[in-house]
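A quick write-up on the structure given underneath.
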Amino acid sequence: MAPDDRRFNDDDYFSDRKKDDYFFEKEKDQDRDNYYRGKHGSSFKKNNFYDDDYEKENFEREDFGRNDYDKDVYDKSNYDKNYYDEDDYKYGSRKDNRDLNRYKDRFADDFFKDDDFNYSDNEDVPSGIDPDEYSTRTRKIKQKKRKRKIISSAIIIFIIIAIIAVGAFFLFKFFKNKFSAGEGETTTSVNEPIDVPANLALTEDISMVVAGARENLLEPDINFIFYSRFDSKVNKLTSLTIPVNTLMDIPGFGLESTDKAVEFGGMDLLMLTLKKALAMDVNRYIIFDIKSIVDKIGGVNINLDSDLIINNFENDEEIALQAGDNKLNGTAAVSYLKYYSGTVKDVPINQTVNQKKVFDAILIAVNGENDEDLQKNLNSVSNFYETNLSDEEIFQLFSTFAKLPAESNSAYPLDVTSVELEGGNIFYVPDISRLSSIFDVQQPGTEIAIFNQVTADLQILNGVGTPGIAGKVSGLFKDLKYNDGTAKFNVLQAKDADNYNYAATQIVVNSSDASYMALAEEIKTILKAGNITQNSDAPTQNIVIIIGADYGKEQTSETTAQQGEAVKINILNGVGTAGLAGKAKAQLEKNLNSVQKLIEVSEVKDAANFNYAETEIIFFENTDLINNIAQQIQKELGAGVIKYSDSNPDNVKISVILGKDYTAK
C-alpha cells in the first residue's frame, strides 16, 4: 500500500502530477527552513517564499524581532514548536519527518519499481506463484504472450485439420473407386479372379442403377444413366433411360443435374438420388469405364436403322455410321452415347433409349460363346467397372442379361419437360407418373390398392405471370370431396412463383404416402397438363402446383388441324439477306406438304431487326400436333430452337424467324 502521507492517498500515489507536487513542496520547505536558520542574510525577501501562509507585510531580516513588533507574532520562541522548531523541523512536522525517513528509498533515481505495483486481492494469480511477486506489469506481459501463443496454436491446428481433411477426401476417393489416375486411361489394383459360380442364372430380383463414364472412374464424366429392374420370376429386364442433365434433388446438394450426383458422392449418392426422385427401390449399382472396357474386349457391334453422323468426343471430328451393323471402338462408343445423352442440341430427348444398344452390346461381347469366355473376359475387364454386386452376382448378371430375348429386354425413356435456365442451358424436369405402369409395380391379378382418404394441403403458384391464374386454378379444387363428404384438398394459398418462366406445369408431391400420389394424378387429369415429381423426404406433407405455360393449351379434338385445315405460319427474315424468307417458304411448303397439306405460310416479311444469330421457331398453341409440326420445321431447316410464347400479334400458330445459323447451312 502507499505510505500514510497527508499529501496524497492511495489513488493518486502513482500520479505523475502528484509526484511533481511532492517535490515542489519539498523545495518550498527547504527555502522556508533556510530562512529560519538565517542562511539568506539581509537580501532574503518575501519573494523567496512560495507558501501562501507567509503572504504578510514586506519585511527584512533586520526588522525581525524589533521591540515595536508584536512579540506574540514574530518572537521565534512563540512559533509552533511542532512545526518550526529547528531541532525537530525536517519536513513540516515530526510525523512527516518519520514518514519521509520511512519512504526515503522511494526518492532514489528509480522512483517507481515493480514492488510498488502491488497485486490486488480480486485478481487471479497463477497457481504456484507468490502474489507479492506477481505484479500488474508482469501479468499483462504474460497475458499478451499467452494470447499470441493461443492464436498461433489455433492457426497451426486449423492448417493441420485442413491438410488431414483434404488427404482423407482423396484417400476415400482412391480406395472407393479402387483406381489411381493414369495417363490416358484408368488403372486399378488387381482384383481377385472371378470364378464361375455353380448357378449361372440370376435368381433374385434386382433394382439397380447403371451408369457409363467416358474413360475415368476416379473423376467420371457420366454419359448415360439407366434405372433397370430385373424380375426373376418372369426373367424380364426393364430399363428407364434418363437424360444426364435431368434436374433432381441431390441429397445434401439441392437441385442439380443428375450426373452431378456421381461427382459429388459417387454411385451411392446417385442411388439415393434416383430412389428419392423416382420413388422406386434401388439396391444395386454398376458403373463402366466405357472407352477402356470397349477397347479391352476388341470393340462392340450395334445395329442402326439409318445412317448417322456423330462427333468424336475427343477432337470433334465427324464419325460416320451406316445403316445396319457397325463395330465401335472405345472412342466411337463414348461419342455415340454422348450424342444420345440429352446434352446434344436438336436430338429428340426420347431417343436416349438408343444408348441401351451400347450397354447390351457390351454384355454380349463380354459373355462370349461359353462360360470360359465369360470368365476370361470378366477377369480382363474387372479393372474397368465399379459395383456393389458380388463376384457371383456379376457373373450371373452378365450371363443372364446377355441371353435375354428382345421381348424380355425393354427400354423406355423417362418422360421429361425441357426448361431453359439462365445462360441458355437446357435441363429436363422428370415426370414419374408412368413409372408404376412401366415397371409393373402392381403384381398381376391383385386388387387395386385402397388409398387412405387424406385431405391434402394445396399450394398453387403462378409460374407464367398471367394475372389471377393461380386463384382461378385454386377454384377447381376447393369443392372436391370424397364420397363421404370429406374434402380432398385444403387450398392454403395462391400466389406468384419465384419466376414466370415455367414452360410446363409442375405438380410436386411432398409426401411418401401413396394417397398423395393418387391425388396428384387426379390434379393432372383436371388440369390436363403437368409433370408429377415426388419429394418423399419433405418435412411437411402437401402438394404444390406451379402453373406453367402448357396449362390451358391442351390438345382437343376440335383443333383446326384435325379438321383438315393446314397450320397457319409466317416466316420472318432475321438476317437481312434478300429473298431469304421466300426461299424458306418454298422449301417448307415443298417438303412438308408433299403428302398432305400440313402448313400454310400466311406471309413472309422482315423481322424487327437483322441481328438474329439463331433461328427461332415460336409456337403459340401447346398441342402435340403443333409441337410435332414445329419439330418438322426445325428438322427441315436444319437450324433453330423451338420456343413457346403467349404473345401472338400475327395471329398464327407458328412463327419462324430466320437467323444466321440457317444461312450457314
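Since every read-out is calculated from the coordinates, none of them should be taken as a lab result. Small disclaimer: the values here were computed from a predicted structure and weren't measured. Positions of Cβ are backbone-derived with ideal geometry, glycine not excepted, and every protein chain shown enters the neighbour counts.
Key figures
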| read-out | value |
| --- | --- |
| Stretchable slack from residue 479 to residue 323, in nm (0.36 nm times residue separation minus alpha-carbon distance) | 50.5 nm |
| Residue 606 long-range amide H proximity, modeled H, under 5 Å | 573 |
| Residue 606 versus residue 472: modelled label distance in nm, points set 7 Å from Cα along the beta carbon direction | 3.8 nm |
| Separation of the residue 141 and residue 153 label points, Cα + 7 Å toward Cβ, nm | 2.2 nm |
| Pairwise FRET efficiency - residue 594 versus residue 434, Cβ, R0 = 45 Å, nearest 0.05 | 0.85 |
| Electrostatic dipole magnitude of segment 447-547 [Cβ: Lys, Arg +1; Asp, Glu -1; Cα centre; debye, to 20] | 360 debye |
| Modelled FRET efficiency - R0 56 Å, residue 201 with residue 614, Cβ distances, 0.05 increments | 0.55 |
| Gain on full stretching of the segment that runs from residue 540 to residue 635 - 0.36 nm per residue minus C-alpha separation | 29.7 nm |
| 5 angstrom amide H check on residue 312, placed H, neighbours 5+ away | 317, 318, 319 |
| Ascending count of other beta-carbon atoms within 10 Å, so fewest first, for 585, 327 | 327, 585 |
| Cα-projected label distance for residue 651 with residue 303, points at 7 Å along beta-carbon direction, nm | 5.4 nm |
| Cut-off under 5 Å, modelled amide H: who pairs with residue 535 long-range | 509, 510, 511 |
| Positive-end residue, segment 294-370 charge dipole about Cα centroid, Cβ charges, pick of 322, 334, 368 | 368 |
